[in-house]
1. Which value in nm describes the separation of the simple spin-label points at residue 308 and residue 245, placed 7 Å from the Cα toward the beta carbon?
2. Find the centroid of the Cα atoms in segment 46-80 and in segment 143-199, then give the distance between the two in whole Å.
3. Against the longest alpha carbon principal axis of the chain, how many degrees, from 0 to 90 and to the nearest 10, is the axis of helix 38-47 turned?
4. Need one number: nm distance between label points at residue 179 and residue 61, each 7 Å from Cα along Cα→Cβ, rounded to one decimal.
5. Let me see the P(r) profile for segment 203-311: every Cα-Cα distance counted, bins of 5 Å, each bin given as a percent of all pairs.
6. From zero up to wherever the largest Cα-Cα distance of segment 80-219 sits, split into 5 Å bins and tell me the percent of pairs in each.
7. Could you pull the Cα extents of segment 173-242 along its three principal axes, largest to smallest, in whole Å?
8. Suppose R0 equals 41 Å; then what is the FRET efficiency for residue 255 and residue 209 from their Cβ-Cβ distance, rounded to the nearest 0.05?
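Here, each number is a calculation from the coordinates, and none is a lab measurement. Since the model is a prediction, treat every value here as computed from it, not as a measurement. We place every Cβ from the backbone using ideal geometry, glycine too, and count neighbours over all the protein chains shown.
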């Protein structure tokens, strides 16, 4: 097995989990941790028997790949610095602050022959993987992603921080063009949007209603699909699935079949990082490509633009 030399840039709330997982992936050498906070970088590096640097630029010539979990506004600068040298990149969502930045990264990846992956972890949730093949021409999708007030990611609003997970997933499952957007967003505790609701209409007729909040008392992460003769429900956090189907019964009365489905639970981020490493070895695209990350970002931009029109 070819050793893949990887570094992690940014080891705050999420990046420290990148380091933890990559340190244990077979065939991966965690070359270094890069973080502008020297004490934090040194702490995480010591936990995983690697070294820490404060300047990611010193690692460009030493690695085959990098994962980036730094603040959003730094994504393009850091990712471009590695892609220009042909280093494979997985960048956390949102992949850039603007679609123009995303376009730059996609073009660099193509021109340098470097893999560009985007960290939309819900795609790797085992519950999502189970349900996705069962979704056929849904008519209505309901999503709730509610969280308590965070101490991080306040440089972006809740659409780019939380809702973008579900925008990506709905785009992946439904497909087709989004032909209509109704949206409202409210800044409550910060100058940026803290709670948002959007109603998307797809060309095929599907309606998706998404709510995201970072000021709720309870943590809720659920998505439900309604389609002809079937109802499918996912609790992202618990990795619980419920499915119900309407089946022909005696006479005119149909019967309902279904209930809770047992899912083999696994950490979505672990599956995502393993997919990134496997894609490098196999010379294939990652499951979530730069183009798909850009599509989610572009839709998030459209949602926020609609919100600003209604203020």
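1. Reported label-point gap for residue 308 and residue 245 is 4.6 nm.
2. 27 Å
3. 80 degrees
4. Calculated label separation equals 5.6 nm.
5. 2, 8, 10, 13, 17, 18, 14, 9, 5, 3, 1, 0
6. Spelled out bin by bin, segment 80-219 gives 2, 9, 16, 17, 19, 16, 13, 7, 1, 0 percent.
7. 41, 32, 15
8. Values: r = 29 Å, r/R0 = 0.70.
My answer for the efficiency is 0.90.
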